[in-house]
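What follows is a short report on a single structure.
The values are calculated or read from the model by the stated rules, or taken from the named source; none is laboratory data. Note that this is a predicted model, so its numbers are computed, not measured. Neighbour counts are summed over all protein chains in view; Cβ atoms, including those assigned to glycine, are modelled from backbone coordinates with ideal geometry. Remember, those area values only see protein heavy atoms, side chains included, never the ligands or the DNA or RNA. Shrake-Rupley method; radii C 1.70, N 1.55, O 1.52, S 1.80 Å.
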Protein chains: 2
Amino acid sequence: MNNSARYTIWQGKSWRLCSAARVLADGTLVKTTYIDHPGAVVLVPWLDDSPEPTVLMLRQYRHALADFILELPAGTRGENEDWNACAQRELREETGQEAEQLIELGRCWPAPGVSNEIMAIYLACGLHTNPLPQDDDEEIEVVPYPFNDLVRMALDGSLLDAKSIVGILRTARYKRLL
Amino acid sequence: MNNSARYTIWQGKSWRLCSAARVLADGTLVKTTYIDHPGAVVLVPWLDDSPEPTVLMLRQYRHALADFILELPAGTRGENEDWNACAQRELREETGQEAEQLIELGRCWPAPGVSNEIMAIYLACGLHTNPLPQDDDEEIEVVPYPFNDLVRMALDGSLLDAKSIVGILRTARYKRLL
């Protein structure tokens, strides 16, 4: 069952395309191609001082979709980068904020049929300004967004980004708002 | 802003790896690589006759993770395949069931940072046996699962597959169980 071998088809800056073969118990050879990925973090930046629950969302240009989409801040982990350090770095790069507290809300696989990427989701509280330079190939606008609207949108289909849906709904449960 | 060009790095059976370049308003050239994907369906097969709410889940081997995972039935759309036809085909291939009714619960992007894949999520009701042959490269076991457990697992982090989390929680809202 575990007889397998793999090689690299294409190597990118942070992930690579792999081809793998696997021999099943009955001798069948199964070939597959997938992305080998170092993992990523997803942030739910919570504004403690807002009169109504509010999080920082992004409007970010996504090349694959050739459009701007509404999503939570997120980013790819550096090789062997500590998960918490990665979460603070991405938060500072994308929103200009640093968190006093990061609360992990579990992990998820965004696309296990094509990638081994795992995403760690963090609720980021106690925000204060401490920016890092943005990646120069990113087009990002930070948008404070009413949290209750995001919960509704995650459930009715008007929020489409899967990691954001997972992050918003796990936050709602953590905050006892769902 | 929309000045872009792309070419194929690798062509697979159902998706391809693309490279694209884009010239920003300030003249910066941005290069990116992503998966060009025909889309997919996700099914929430609901057992109407169970004493407690129950859906059909899969334990499926995922090459990228080198492990079996718990997930909803899902599959890639054929080129120009009708979405509803694709949903019935995948349901019959993976669970052996056909649905009298498919209720669309919106769409999601599983991984917009690396892929343009869009997933259409369907609640499948009125199930009756009408199987199609499984793909011979898939290793799948069908598992009837208590729905309320899945809702809890989606929110507490013990269900990890993102499309399944989205499908289960949108179903919970549709059924007024959340």
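Within region A:43-64, if we keep just the residues that are more than 23 Å from B:Ala21 (Cβ to Cβ) and of a type in the set (Ser, Thr, Tyr), the residue that is farthest from the chain's Cα centre (by Cα) turns out to be A:Ser50.
Screening region B:34-49 for residues that are part of a loop (DSSP other than H, G, I, E, B) and farther than 16 Å from B:Leu127 by Cβ and picking the one that is least open to solvent (accessible area, probe 1.4 Å) gives B:Gly39. If you go through region B:50-107 and keep only what is farther than 18 Å from B:Tyr174 by Cβ, among the aliphatic types (A, V, I, L, M) and outside any strand (DSSP E or B), you end up with B:Ala64, B:Leu65, B:Ala66, B:Ala85.
Answer with yes or no whether B:Ile103 is open to solvent by 20 Å² or more (accessible area, probe 1.4 Å), more than 21 Å from B:Asp137 (Cα to Cα) and within 8 Å of another protein chain (Cβ to nearest Cβ). Here the answer is no, as B:Ile103 does not meet what is asked.
Being under 21 Å from A:Ala162 (Cβ atoms), surrounded by fewer than 16 Cβ atoms within 10 Å (Cβ to Cβ) and under 21 Å from the mean Cα position of the chain (by Cα): is that true of B:Asp67 here? Here the answer is yes, as B:Asp67 does meet what is asked. Of the residues making up region B:163-178, those that are facing another protein chain (nearest Cβ under 7 Å) and either closer than 11 Å to B:Val44 by Cα or modelled with pLDDT of 95 or more (or both) are B:Lys163, B:Ile165, B:Val166, B:Leu169, B:Arg170, B:Arg173. Selection of region B:133-163 for residues being among the hydrophobic types (A, V, I, L, M, F, W, C), surrounded by 15 or more Cβ atoms within 10 Å (Cβ to Cβ) and either outside the structural domain of B:Ser50 (by TED's automatic domain parsing) or not in a helix (DSSP H, G or I) (or both) yields B:Ile140, B:Val142, B:Leu159, B:Leu160.
Being among the basic types (Lys, Arg), within 19 Å of B:Ala111 (Cβ to Cβ) and modelled with pLDDT of 95 or more holds for only one residue in A:Arg59, A:Arg152, A:Arg89, and it is A:Arg59. State whether one or more residues within region B:6-17 are over 30 Å from B:Gly157 (Cβ atoms), in contact with a His (Cβ under 6 Å, 6 or more places away or on another chain) and not assigned by TED's automatic domain parsing to the domain that holds B:Met153. Within region B:6-17, not a single residue is over 30 Å from B:Gly157 (Cβ atoms), in contact with a His (Cβ under 6 Å, 6 or more places away or on another chain) and not assigned by TED's automatic domain parsing to the domain that holds B:Met153.
Would you mind stating whether B:Ala124 is part of a strand (DSSP E or B) and hydrophobic (A, V, I, L, M, F, W, C)? Yes, satisfied. Among residues of region A:7-32 that are more than 9 Å from chain B (Cβ to nearest Cβ), those with a Cβ under 7 angstrom from a residue that is in a loop (DSSP other than H, G, I, E, B) and open to solvent by 50 Å² or more (accessible area, probe 1.4 Å), sequence gap 6+ or separate chain, pair up as A:Ala25/A:Met1.
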